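A.B. asks: Dumping the structure here so I can ask a few things about it.
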Amino acid sequence: MALASTVDIVLGSIAFATFWVLAVFPAVPFLPVGRTAGALFGAMLMVLFRVISPEEAYSAVDLPILGLLFGTMVVSIYLERADMFKYLGRLLTYKSKGGKDLLCRICLISAISSALFTNDTACVVLTEFVLKVARQNNLPVRPFLLALASSANIGSAVTPIGNPQNLIIAVQDKDEEQAVSEVVAEDDMVSHRFSPATMSRVNSFNSLELSDIIDGVAHGPSISGESWNSETLRNRIILHENDTQRVGSDRIESMRISNASRENGGEDEGTRRSLGIDGLTHPTENGSSDSSPVNSLEETEALINRWKRLSWKTSVYLVTLGMLVALLMGLNMSWTAVTAALALVVLDFKDAGPCLEKVSYSLLLFFCGMFITVDGFNKTGIPGAVWDLMEPHARIDSATGVIVLAFVIIILSNIASNVPTVLLLGTRVAASAAAISAAEEKKAWLILAWVSTVAGNLSLLGSAANLIVCEQARRAISSYTLSFWSHLWFGFPSALIVIAVGLPLIRG
């Protein structure tokens, strides 16, 4: 891409620098507005400076990614309500040998989840869960957040569906077979509870007694050797009403005697039983005491509610599993995630407002601003000019050229993010390598995928997954912020080491 006019380059650079500073340092003294407002401010400057038109700004917003993130957040909320993270937490801490062991397990879960789903999805789902695990074990949260983000980025490099840039490369690479090329989305919070209807004890007693009478009429059993007839039924109902009244008066008397017994230091148990006022019992026609059916009714209601709860949780897991299968079959990732989210809303059969309020809309707005700002910066032609300058020295057929190529990808991925870098460099890197051989072209695609993905670990802005972890953590713990420098202190050496390990393996 050719360079834009000098005015557009200067103004576009100012807008992008504003976004970059506010995204890296969300509480800068001169404009402490936060990351979300900073991203929207940078997007607004791109339009006001006429680096891009309003129509181009709207088209720069990646709706499929926003749909994926929104659907994933909703699904994760229902998964949390279905106690998935409680079970995962038990599995994670089972026979744990301490903080280091727990950290390794989180890295493993994060990497596997990112390979099967996407790194962004894994971070959306797992961030608050990881925070809970760390706090429950009285461990500092920063190492766990860094482990989650970095493992998610590394794990996503394993499969073509692990992150958006891998998906782009899998589609653009003409030499590779067109396999499954879609990403998977997944699921936090608040336990789901049904609200069973309550019944008074007298009503429960009445309903049970009347049901016994009706059963007697239907099946014709005899009481005291006499068959049921209309007269017996009428007498039984009258007797039942008398018993009900006696139970009410007996309970009032029981309360009175109980209060008196507290003052007198106790009450003889035999007297209580003889009076027929012992808790849940009452005298029958023969003078004996029958157990009240209240407990059995409550147990039945509790059992029914447990089965309802189990059925609902099973439905949530099945919908999530169906979403995973559908995405692995190659269906549209954003629509699949949104469909799964709406299916869970319908299955819940109650107002979805409380769940939808838990969606991080500020994160979605941040991505909207970032898409517009990065697109405007790319339209200045600066990233393309950098590649034009370095392309002659970044030939894939030499070790030095591979190092230069990796260096360019690392720099651009941490300035303009990894997905725009792949869109910008993909076809140009492949064309340069194809001039050497088809095998070198394939290696060029693999290098681009590996380096752009792992380079996201270097800085906070290198990958959307890093920003998701940072924003989700800030939302869960208002006083906590994963700063740019704390991330860079860990990300810079770890990214370079992992890239250095992977490059020789790719080159063979």
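A.B. asks: What number comes out for accessible area per residue over segment 313-460 if the probe is 1.4 Å? Units Å², please.
C.D. replies: Solvent-accessible surface per residue comes out at 40 Å².
A.B. asks: While we're on this one: Heavy atoms only, probe 1.4 angstrom, no DNA, RNA or ligands counted: give me His393, His487 ranked by accessible area, highest first.
C.D. replies: Correct descending sequence by accessible area is His393, His487.
A.B. asks: Among rounded, prolate and oblate, which fits segment 311-408 when a ≥ b ≥ c are the square roots of the eigenvalues of its C-alpha gyration tensor, a/c under 1.5 means rounded, and a/b larger than b/c means prolate?
C.D. replies: Verdict is prolate for segment 311-408.
A.B. asks: So, one more: How big is segment 2-95 by the Kirkwood estimate over distinct Cα pairs, in Å?
C.D. replies: For segment 2-95, inverting the mean 1/r across all distinct Cα pairs yields 16.5 Å.
A.B. asks: Out of Ser362, Ala435, Trp450, whose Cα points farthest toward the positive end of the dipole of segment 338-496 (charges: +1 Lys, Arg; -1 Asp, Glu; placed on Cβ)?
C.D. replies: Checked the options; the winner is Ser362.
A.B. asks: Work out the charge dipole of segment 1-139 with +1 on the Cβ of Lys and Arg and -1 on the Cβ of Asp and Glu about the Cα centre, then indicate which of Leu103, Pro54, Gly34 is farthest towards its positive end.
C.D. replies: Looking along the dipole axis, the top candidate is Leu103.
A.B. asks: Moving to a separate point now. Which entries of Lys132/Lys313; Lys95/Lys313; Lys86/Lys313; Lys97/Lys313; Lys313/Lys358 have Cα-Cα distances beyond 24 Å here?
C.D. replies: The pairs that break the limit, which is 24 Å between Cα atoms, are Lys95/Lys313; Lys97/Lys313.
A.B. asks: Just to be sure I understand the model, the point goes 7 Å from the Cα along the line to the Cβ. What's the resulting Asn305 to Val325 distance in nm?
C.D. replies: If labels sit at Asn305 and Val325, their model points lie 3.3 nm apart.
A.B. asks: Averaged per residue, what accessible area in Å² does segment 86-138 show with a 1.4 Å probe, protein chains only?
C.D. replies: In whole numbers, segment 86-138 has 50 Å² accessible per residue.
A.B. asks: Just to verify a number: FRET efficiency for Asn138 and Ser5, C-beta to C-beta distance, R0 = 60 Å, to 0.05?
C.D. replies: So the FRET efficiency works out to roughly 0.55.
A.B. asks: Positive end of the dipole of segment 1-142, charges at C-beta (+1 Lys, Arg; -1 Asp, Glu), about the Cα centre: which of Thr93, Pro64, Ala82 has its Cα farthest in that direction?
C.D. replies: Highest projection toward the positive end goes to Thr93.
A.B. asks: Under a straight-distance cross-link criterion of Cα-Cα below 21 Å, which lysines are reachable from Lys442, leaving out those fewer than 8 residues away in the same chain?
C.D. replies: The qualifying lysines are Lys174.
A.B. asks: Given a 1.4 Å probe and the protein chains all in place, what does the accessible area of Arg475 round to, in Å² to the nearest 10?
C.D. replies: Its accessible surface works out to 100 Å², give or take rounding.
A.B. asks: Still on this structure, I have one more. Work out the length of the dipole vector of segment 380-489 about its Cα centre, built from +1 on the beta-carbon of each Lys and Arg and -1 on the beta-carbon of each Asp and Glu, and round it to the nearest 20 debye.
C.D. replies: 280 debye
The values are calculated or read from the model by the stated rules, or taken from the named source; none is laboratory data. Bear in mind the structure is a predicted one, so any value in this text is a computation, not a measurement. Quick reminder, even Gly has a Cβ in these numbers, built from the backbone with ideal geometry, and neighbours come from all protein chains shown. For the accessible areas, the whole protein counts, side chains as well, though only heavy atoms, and no ligand, DNA or RNA atoms are used. Shrake-Rupley method; radii C 1.70, N 1.55, O 1.52, S 1.80 Å.
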